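These notes are about the structure you will find just below.
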Amino acid sequence: MSEDSEAIQQPRNLAAVIVGRISIPLLAIFTALLVASLAMLASGTNPIKAYLALGEGAFGTQKAVIETLIKATPFILGGLGIALAFRGGLFNIGVEGQLFVGSAFAVIIGYSIELPAFIHLPLALLGGMFGGAIWAAIPGYFKARSGAHEVITTIMLNFIALRVINWAIGVNGPMRAPRTVVPETPAVFESARLPILIPDTRLHAGVIIAVFAALVVYWFLWRTVAGFELRTVGANPSAARYAGINVEFNIVRTMALSGALAGLGGGIQVLGLAPYNFTTGFNVGLGFDSIAVAVLGGIHPFGVTMSALLFGAMDSGARLMQLRTKVPIDIITIVQGLILTFVAANQIIRSIYRIRARGEEDQISLGRLWGGGS
Amino acid sequence: MDTVFFVGLLSLALIKATPLALGAMCGLLCERSGVINIGIEGMMLVGAMTSFLGSVIFNDITGGTLPKTVSLLVGLLVAMLSAGFIALLHAWLSIQYKVDQIISGTVINLLAVGITNFTANAYIDPNHLSGVGVFTEVEIPILSQIPIIGPILFQHQPLVYVMLILVGFLQYALFNTRWGLRTRAVGEHPRAADTVGINVNRTRYINVTLGGVLAGIGGAFLVLESVGRFQKLMTTGRGFIALAALIFGKWTSVGALLSGLLFGFSEALGVRLQLGDVNELQALILLGGIGVAVLGAVWVILKARRRQEDKRSMPLVVGTLVVGLAMVATALLATFPEVEIPIQFLGLLPYILTILVLTGFVGRAIPPAAIGRPYEKQ
């Protein structure tokens with residue numbers, strides 16, 4: 001894609017390429033923080049004090065850094081899922097639901113059977129991936145078969161997943177833990193829990209799995225035939241079809257892989273964090289924030305990892321910010337929305353900071369096949 | 001199983017269809033002029049919140065000296081303006097900056113969630129704002145006295161009538177006025193429209209903004225005619241269901257209303273069945289049977305009209321009709337045990353229906369030709 005051609009044009013000037021790639025996102029983040037500070041001023045808060053608290057909450061202590069890493073983990077996987085689908089020309093807005101289903105599958109495997117750890121943990125993680133993959137493959141199949149746009153079908157499946165799981169952990173539900181007043185599942189067995197990396201902290205091995213997943217996705221997209229097919233279908237489905245690629249099969253596979261990443265993220269959340277169970281309101285909004293993570297990360301696995309760290313930092317710092325300055329945590333959602341705005345509409349950033357366009361851009365076109373036509 | 005049940009059900013279906021039809025008409029205005037709008041959900045959410053804030057603040061300022069309805073109308077106006085403003089942002093991003101319209105819509109949805117949750121946590125909840133109330137029902141004279149039809153159609157709160165009037169008006173305007181022709185031209189073939197002197201981007205700006213105003217009414221409906229107060233994320237996917245209704249209604253306002261009614265009906269069914277005064281199993285089999293039978297009947301008619309087509313699938317078609325009729329007969333004749341169907345499952349009906357509709361279960365729809373593509377003058 002475009003970075004290959006850049007590498008050919010400017011073989012020696014790698015630093016310039018990197019600066020060109022990250023200057024827009026960095027300026028977008030800066031501008032978003034600036035705009036959000038207006039909202040803080042309007043509600044009578046000193047934005048400098050708020051942002052200092054945000055930074056301290058995210059990186060100030062060892063505990064803060066660990067929280068940032070923990071918070072970043074599902075963002076990495078959710079963002080990877082969305083980026084992978086983007087590369088295949090699909091907008092998987094259903095990461096939220098796939099994460100949910102992944103968590104549910106992982107938690108069921110975790111609490112319902114007792115196995116040795118070396119089988120149980122991988123099995124539970126695979127179960128989470130499988131759950132997410134199924135939940136994404138369904139809209140993928142619909143898209144391939146009849147062109148039903150995945151934006152709507154995956155959103156509907158989000159609601160369906162949410163309601164079914166709420167029923168399952170609700171009063172007398174099949175997944176409800178015995179003798180509990182809150183809707184939650186039983187905790188998973190020790191053998192299905194992710195190992196803790198630093199004793200007496202919450203830092204679990206999930207973050208390593210997430211970073212490893214980023215490497216795998218990079219390898220898959222640019223070093224395998226399947227990844228090449230995926231990107232070809234994403235860039236131009238007609239050309240892909242002409243070249244003999246099975247476009248329909250690729251759509252389903254792309255969605256399934258995307259959902260598997262989301263499901264893995266969901267599984268890690270239940271297997272890595274105390275109290276190791278699934279409850280209502282769990283991880284709500286993660287899937288939607290992952291969209292901003294993926295776009296900010298330039299829909300590239302390494303960029304996604306970076307922007308996931310940033311989002312994790314914002315989420316983990318937000319609590320201290322709220323504590324110190326009484327700014328509601330939701331300001332972070334506004335900041336994230338603004339970041340997405342400025343990255344997507346990078347012309348705004350270019351015109352504010354007078355940056356010239358660097359020629360060919362990664363053009364994302366998701367409006368194709370809108371509304372059931374094909 | 002009696003008339004009262006069905007009248008109540010259909011009346012409730014119309015109420016539940018109102019925000020969906022309004023949201024779908026927002027999508028109609030946008031998409032007919034070539035702009036995809038998946039931000040309807042966010043626009044409705046903003047409309048819901050600002051209608052609440054507008055009515056409450058206005059009521060506070062006037063100290064309750066004016067009638068409640070005036071405050072509610074102010075709330076409605078504020079909702080229309082603010083959702084229109086959010087829509088203008090969508091138009092600005094997707095027309096001026098040529099941002100992918102799906103991303104732009106996602107931006108709208110994200111920002112709407114952030115802004116409304118922020119305001120709820122920073123202002124509404126700490127001040128314990130409780131709301132002014134809801135619009136009172138307006139019975140249309142004479143018409144509301146007609147048996148069965150009267151209670152279903154003519155005993156509603158005002159925004160239901162507003163929605164019905166808008167549906168008729170838009171249907172007329174889109175296909176019979178200069179504005180409608182221009183809008184459709186811009187959505188189908190912007191280059192040709194430009195050639196004959198239509199300002200493509202201005203048409204899109206106007207339509208998207210007006211669409212936002214309609215979504216604002218839809219959001220305001222949720223507060224001013226339903227629960228009477230703002231709740232976080234209260235739109236619960238209605239903006240997306242409205243989009244599906246638009247597609248299912250083949251990009252016309254009457255079609256959008258009819259499919260909105262279908263979704264409204266499935267939602268109303270879930271609500272009514274929870275009340276527990278009817279046997280859920282019986283009602284579901286009866287209504288499902290009616291649905292299958294109607295589907296079969298339409299299918300038979302279509303097959304009969306297209307004579308040249310082969311008749312191999314005829315047994316399947318007739319079979320559908322027979323199964324549907326058999327289900328209706330069973331529901332009416334047999335006695336059923338009381339079965340508790342979990343609330344969550346009944347609530348799934350509109351979502352499942354949306355997916356079925358989109359997968360072309362009921363025929364393929366063709367969107368405006370230039371949809372999703374920014375226009376560049378040559």
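All but one of (1) within 30 Å of A:Phe118 (Cα to Cα); (2) assigned to a helix (DSSP H, G or I); (3) within 14 Å of another protein chain (Cβ to nearest Cβ) hold for A:Phe212, so report the exception by its number.
(3)
Rundown of residues vs (1) of a type outside the set (Phe, Trp, Tyr); (2) loosely packed, with under 15 Cβ neighbours inside 10 Å; (3) touching an Asp or Glu at 6+ places or on another chain (Cβ under 7 Å); (4) within 20 Å of B:Lys250 (Cα to Cα), yes/no style:
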site: B:Ile146; (1), (2), (3), (4): yes, yes, no, no
site: B:Gln155; (1), (2), (3), (4): yes, no, yes, no
site: B:Phe175; (1), (2), (3), (4): no, yes, no, yes
site: B:Thr183; (1), (2), (3), (4): yes, no, no, yes
site: B:Ala193; (1), (2), (3), (4): yes, no, no, no
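Can you give me the number of residues within the range B:53-79 that are crowded, with 24+ Cβ neighbours inside 10 Å and within 28 Å of B:Ile103 (Cα to Cα)?
Here the count works out to 1.
Out of curiosity, is A:Leu80 farther than 30 Å from A:Gly234 by Cβ, in the same structural domain as A:His204 (by TED's automatic domain parsing) and in a helix (DSSP H, G or I)? Working first, answer last.
On the way: farther than 30 Å from A:Gly234 by Cβ: no; in the same structural domain as A:His204 (by TED's automatic domain parsing): yes; in a helix (DSSP H, G or I): yes.
Considered against the rule, which asks whether it is farther than 30 Å from A:Gly234 by Cβ, in the same structural domain as A:His204 (by TED's automatic domain parsing) and in a helix (DSSP H, G or I), A:Leu80 comes out as no.
Among what's in the range B:176-190 and is touching a residue at least 60 places away in the same chain (Cβ under 8 Å) and in a helix (DSSP H, G or I), pick the residue that is farthest from B:Pro19 (Cα to Cα). Let's see the steps before the verdict.
The first filter runs over the range B:176-190 and keeps only residues touching a residue at least 60 places away in the same chain (Cβ under 8 Å), leaving B:183-184, B:186-190.
Retained after the next criterion (residues that are in a helix (DSSP H, G or I)): B:183-184, B:186-188, B:190.
Working: B:Thr183: 23, B:Arg184: 24, B:Val186: 27, B:Gly187: 25, B:Glu188: 27, B:Pro190: 30 Å.
This residue is B:Pro190.
Name the pairs: first residue in the range B:346-366 and within 16 Å of B:Ala13 (Cβ to Cβ) and within 7 Å of chain A (Cβ to nearest Cβ), second residue modelled with pLDDT under 65 and crowded, with 17+ Cβ neighbours inside 10 Å, Cβ to Cβ under 6 Å, at least 6 apart or on different chains?
Every condition considered, no pair remains.
Within the range B:89-132, take every residue that is more than 17 Å from B:Gly372 (Cβ to Cβ) and assigned to a loop (DSSP other than H, G, I, E, B) and give me the one that is farthest from the other protein chains (Cβ to nearest Cβ).
B:Val132
Listed here are the residues, each with its yes/no results for (1) within 11 Å of chain B (Cβ to nearest Cβ); (2) within 26 Å of A:Ile155 (Cα to Cα); (3) small (Gly, Ala, Ser).
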| position | (1), (2), (3) |
| --- | --- |
| A:Ala239 | no, no, yes |
| A:Tyr242 | no, no, no |
| A:Gly272 | no, no, yes |
| A:Asn277 | no, yes, no |
| A:Thr341 | yes, yes, no |
| A:Asn346 | yes, no, no |
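Which residues, counting only those in the range A:312-334, are over 26 Å from A:Val182 (Cβ atoms), crowded, with 24+ Cβ neighbours inside 10 Å and touching a Gly at 6+ places or on another chain (Cβ under 8 Å)?
Listed by number, the residues that qualify are A:Gly317, A:Met321, A:Ile331.
Is there a residue in the range B:145-168 that is at the interface with chain A (Cβ under 8 Å from one of its Cβ atoms), assigned to a helix (DSSP H, G or I) and polar (S, T, N, Q)?
Initial filter on the range B:145-168 (at the interface with chain A (Cβ under 8 Å from one of its Cβ atoms)): none.
No, because not a single residue in the range B:145-168 is at the interface with chain A (Cβ under 8 Å from one of its Cβ atoms), assigned to a helix (DSSP H, G or I) and polar (S, T, N, Q).
When you check B:Glu225 against the structure, is it among the charged types (D, E, K, R), in the same structural domain as B:Leu110 (by TED's automatic domain parsing), at pLDDT below 85 and crowded, with 18+ Cβ neighbours inside 10 Å, yes or no? Full working, then the answer.
Numbers: among the charged types (D, E, K, R): yes; in the same structural domain as B:Leu110 (by TED's automatic domain parsing): yes; at pLDDT below 85: no; crowded, with 18+ Cβ neighbours inside 10 Å: yes.
No; evaluated as a whole, the condition is false for this residue.
Do the conditions hold for A:Leu194, that is, is it aliphatic (A, V, I, L, M), touching a residue at least 40 places away in the same chain (Cβ under 8 Å) and out of contact with any strand residue (DSSP E or B) (no Cβ under 7 Å at 6 or more places or on another chain)? Talk me through it step by step, then tell me what you get.
Working: aliphatic (A, V, I, L, M): yes; touching a residue at least 40 places away in the same chain (Cβ under 8 Å): yes; out of contact with any strand residue (DSSP E or B) (no Cβ under 7 Å at 6 or more places or on another chain): no.
No: the conditions fail for A:Leu194.
Could you grab the pairs with beta carbons closer than 6 Å, sequence gap of 6+ or different chains, first residue in the range B:37-58 and assigned by TED's automatic domain parsing to the domain that holds B:Phe240, second one charged (D, E, K, R) and assigned to a helix (DSSP H, G or I)?
If the second residue must be charged (D, E, K, R) and assigned to a helix (DSSP H, G or I), no pairs are left.
Could you tell me which numbered condition B:Leu93 fails, if it satisfies all but one of (1) buried (at least 21 other Cβ atoms within 10 Å of the Cβ); (2) over 18 Å from B:Arg202 (Cα atoms); (3) more than 20 Å from the chain's Cα centre (by Cα); (4) not aromatic (Phe, Trp, Tyr)?
(2)
Go through (1) closer than 16 Å to A:Ala318 by Cα; (2) surrounded by fewer than 21 Cβ atoms within 10 Å (Cβ to Cβ) and name the single condition A:Leu126 misses.
Condition not satisfied by A:Leu126: (1).
Among B:Gly249, B:Gly239, which is the only one that is modelled with pLDDT of 85 or more, buried (at least 24 other Cβ atoms within 10 Å of the Cβ) and within 20 Å of B:Leu166 (Cα to Cα)?
On the way: B:Gly249 fails: modelled with pLDDT of 85 or more.
Unique residue meeting the criteria: B:Gly239.
Can you tell me which residue in the range A:23-46 is farthest from the chain's Cα centre (by Cα), limited to those that are away from chain B (no Cβ under 11 Å) and not hydrophobic (A, V, I, L, M, F, W, C)?
Only one residue tops the list, namely A:Asn46.
What are the pairs with Cβ atoms under 6 angstrom where one residue, in the range A:324-345, is farther than 13 Å from A:Ala53 by Cβ and the other, located anywhere, is charged (D, E, K, R) and in a helix (DSSP H, G or I)? Sequence gap at least six, or different chains.
A:Gln336/A:Asp289
Taking the range A:188-212 as the search range and keeping residues that are surrounded by fewer than 19 Cβ atoms within 10 Å (Cβ to Cβ) and among the charged types (D, E, K, R), which one is nearest to A:Pro178 (Cα to Cα)?
Ranking the qualifying residues of the range A:188-212, first place goes to A:Glu190.
Quick check on my filter: what residues within the range B:1-52 are within 14 Å of chain A (Cβ to nearest Cβ) and in contact with a Phe, Trp or Tyr (Cβ under 7 Å, 6 or more places away or on another chain)?
Matches in the range B:1-52: B:Leu20, B:Leu28, B:Glu31, B:Arg32, B:Ile36, B:Glu41, B:Met49.
In a loop (DSSP other than H, G, I, E, B), within 24 Å of A:Leu125 (Cα to Cα) and touching a residue at least 24 places away in the same chain (Cβ under 8 Å) - does that describe any residue in the range A:177-184?
Yes, the range A:177-184 has at least one match.
Scan the range A:131-160 for residues that are facing chain B (nearest Cβ under 10 Å), more than 10 Å from B:Leu358 (Cα to Cα) and among the aliphatic types (A, V, I, L, M) and jot them down.
First pass over the range A:131-160, keeping only residues facing chain B (nearest Cβ under 10 Å): A:138-139, A:141-143, A:145-160.
Filter once more, so that each one left must be more than 10 Å from B:Leu358 (Cα to Cα): A:138-139, A:141, A:145, A:151, A:154-160.
Those that are facing chain B (nearest Cβ under 10 Å), more than 10 Å from B:Leu358 (Cα to Cα) and among the aliphatic types (A, V, I, L, M): A:Ile138, A:Val151, A:Ile155, A:Met156, A:Leu157, A:Ile160.
The values are calculated or read from the model by the stated rules, or taken from the named source; none is laboratory data. Predicted model only: the values in this text are computed from it and were never measured. Every residue, glycine among them, receives a Cβ derived from its backbone with ideal geometry; neighbour counts consider all protein chains shown.
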